[in-house]
Amino acid sequence: MTYYKIINDRMVFSECKTIQTNEGVWISNPSQEQIAAAGWQVYVPPVVPPQPATEPGYGAILDAVKRMLSTETEELTDEEALDVAALFPTFVSKIGQSVNAGERLWWDGRLWKALQNIPELLANWTPDTATSLFVEVSIEEWPEWRQPVGSEDAYALGAHVSHNGSHWESTIPANVYEPGVYGWTEV
């Protein structure tokens, strides 16, 4: 059995096979009463809770936080989304999975929004090249005009763009025309 006693402000441990009494007498193989009279107490180690085999790594914690916040990020405006872009899933993490229209993905240092439902995202449909599937999230008042592929990425009535050094405003809904050709007014 192990005993302890505070001596000079320190916890001292002993099996108490030999003790010194308060009177200075040494006793070998003391009784429980003699040990207690000398100020020694039975040591009961504190209960240590079991420790997990491994702690979650930084990546696992970050993934958990992203999953937890994913429902909240869906409600963000584009401007708010750009402030917390790192919370969105990466393009690579969604390969082989479905992507919903309006869902935002991180690719090549920028945030992109899906223009339509994609049943299964393929690796070669990167947002910067698959312009019929994605548009870069931007809060620029006059983003650079790009040729729409169809109605899913056409410009809305009143949309603003920059093209050939000028600013243009769409005067028709679902505008797929190049500014200066039809459906745009130079501002």
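The values are calculated or read from the model by the stated rules, or taken from the named source; none is laboratory data. Keep in mind that this is a model prediction, so the values were computed, not measured. Neighbour counts are summed over all protein chains in view; Cβ atoms, including those assigned to glycine, are modelled from backbone coordinates with ideal geometry.
Some values worked out for this structure:
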| read-out | value |
| --- | --- |
| Condition check for residue 179: at pLDDT 95 or above, under 18 Å from residue 93 (Cα atoms) and not small (Gly, Ala, Ser) | no |
| Selection count where residues are surrounded by 11 or more Cβ atoms within 10 Å (Cβ to Cβ) and without any contact (Cβ under 8 Å) to a residue 40 or more places away in the chain, scope segment 1-16 | 6 |
| Selection count where residues are surrounded by 10 or more Cβ atoms within 10 Å (Cβ to Cβ) and in contact with a strand residue (DSSP E or B) (Cβ under 8 Å, 6 or more places away or on another chain), scope segment 17-67 | 14 |
| Hits in segment 96-125 (condition: surrounded by fewer than 17 Cβ atoms within 10 Å (Cβ to Cβ), within 22 Å of residue 84 (Cα to Cα) and not charged (D, E, K, R)) | 100, 101, 102, 109 |
| Qualifying residue in segment 57-77 (condition: over 30 Å from residue 101 (Cβ atoms), of a type outside the set (Gly, Ala, Ser) and without any contact (Cβ under 8 Å) to a residue 40 or more places away in the chain) | yes |
| Residue match in segment 29-36 (condition: modelled with pLDDT of 90 or more, assigned to a loop (DSSP other than H, G, I, E, B) and closer than 27 Å to residue 135 by Cβ) | no |
| Qualifying residue in segment 143-156 (condition: in contact with a strand residue (DSSP E or B) (Cβ under 8 Å, 6 or more places away or on another chain) and over 26 Å from residue 76 (Cβ atoms)) | no |
| Odd one out for residue 11 among (1) farther than 30 Å from residue 113 by Cβ; (2) assigned to a loop (DSSP other than H, G, I, E, B) | (2) |
| Elements of type helices (runs of 4 or more DSSP H) contained in segment 52-140, each with 3 or more residues being under 18 Å from the mean Cα position of the chain (by Cα) and hydroxyl-bearing (Ser, Thr, Tyr) | 58-73 |
| Residue pairs meeting the criteria (Cβ under 9 Å; at least 6 apart or on separate chains; first not assigned by TED's automatic domain parsing to the domain that holds residue 148 and modelled with pLDDT of 90 or more, in segment 117-132; second outside any loop (DSSP other than H, G, I, E, B) and of a type in the set (Asp, Glu)) | 127/136 |
| Residues (surrounded by 15 or more Cβ atoms within 10 Å (Cβ to Cβ), under 21 Å from residue 104 (Cα atoms) and out of contact with any Leu (no Cβ under 8 Å at 6 or more places or on another chain)) located in segment 144-180 | 145, 148, 154, 155, 159 |
